[in-house]
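Sending over a structure as structure tokens; questions will come in a sec.
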Amino acid sequence: IAKCTVRDNIGFGLAMQQRPAAEIARAVERPAALMHIEPYLARYPAALSGGQRQRVAVARALAVEPDVLLMDEPLSNLDTKLRHQVRETIGELQREAGITTLFVTHDQEEALAMSDRIAVMNAGRFEQVGTPAEIYRTPCSAYVADFIGAANIVDATIAGACEAGALATAEIPGGRGAARCPRARPAGAVRLVLRPEDIALAPAGGGDGLAGRIARRQYLGSRTSYAVELAGGLRLSVDRSGEGHDRFAIGDAVALLLDPARCLAIAP
């Protein structure tokens, strides 16, 4: 195997199927081009980087045009820019060839970007199965909410029973706010799921929202990530984008405005 070139490696599955040499040569070209490894076809494994070898492995799997394709973290050794390129390429190939693909990843962005359906596993069991939007917007548990995307998970209480889809007033350290119950909940302890991008910030003194103070800020170009400390000591992560997203400085007094439709009350 060590004496095989990249071209031989990509065509290995086809050779095992005893395809004609001319057919194998043609079949190797397309996955090599998709994975941007045409310049390496005559090289040997020792001359490749880890990321290049990983792209060769993906090309080898694609060359045989399987009915079902299992990919176990195939992009983990690639740099960020190349990971995005290869991710788009795999998605395009799936759509063109209609290959059912089971894609295993710990990268939440990859899961959301590439999947028609996502299965989140916890301790060997399926915690939730659904579309990317369902998993992200209506997680069934704090584990799913925290695993897929960033989330503030806050212990809270609701005074009365809440029907599925209805709003309840939730008490949290430092204030109260309205939250939606995806499922019917009795009065008592709940956990609130608050996505950082679903919390708005305003200067303090307007009378609405939860009173807090900017404890940390990170300017990230298109957005700014804040940590806001409430009066009760609770810290919430808040991401703001758009014009003026970086307007607040550390120490500024602010009001946090929660979107009741996006603030979820789930089982504790």
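The values are calculated or read from the model by the stated rules, or taken from the named source; none is laboratory data. Everything quoted here is computed from the prediction, not taken from an experiment. Neighbour counts are summed over all protein chains in view; Cβ atoms, including those assigned to glycine, are modelled from backbone coordinates with ideal geometry. Heavy atoms of the whole protein, side chains included, go into the accessibility calculation; ligands, DNA and RNA do not. Shrake-Rupley method; radii C 1.70, N 1.55, O 1.52, S 1.80 Å.
Within the stretch 109-134, track down each residue that is assigned to a helix (DSSP H, G or I), open to solvent by less than 60 Å² (accessible area, probe 1.4 Å) and touching a residue at least 24 places away in the same chain (Cβ under 8 Å).
The answer is E110, A111, L112, M114.
Quick one: count up the residues across the stretch 258-267 that are surrounded by fewer than 16 Cβ atoms within 10 Å (Cβ to Cβ) and touching a Gly at 6+ places or on another chain (Cβ under 8 Å).
1
To continue, here is another question. Specify the residue that is nearest to L264 (Cα to Cα); the eligible residues are those in the stretch 163-186 that are basic (K, R) and assigned to a strand (DSSP E or B).
Selected residue: R180.
Name the residue, out of P173, P203, that is over 26 Å from the mean Cα position of the chain (by Cα), over 14 Å from L236 (Cβ atoms) and in contact (Cβ under 8 Å) with a residue 24 or more places away in the chain.
Result: P203 is the single residue among P173, P203 that is over 26 Å from the mean Cα position of the chain (by Cα), over 14 Å from L236 (Cβ atoms) and in contact (Cβ under 8 Å) with a residue 24 or more places away in the chain.
Residue by residue through the stretch 212-248, note down the ones that are within 15 Å of G175 (Cα to Cα), open to solvent by 70 Å² or more (accessible area, probe 1.4 Å) and touching a residue at least 40 places away in the same chain (Cβ under 8 Å).
R213, A231
Out of all the residues in the stretch 38-53, which are open to solvent by 50 Å² or more (accessible area, probe 1.4 Å), part of a helix (DSSP H, G or I) and within 15 Å of F12 (Cα to Cα)?
Once the filter is applied, which keeps residues that are open to solvent by 50 Å² or more (accessible area, probe 1.4 Å), part of a helix (DSSP H, G or I) and within 15 Å of F12 (Cα to Cα), the stretch 38-53 yields only R53.
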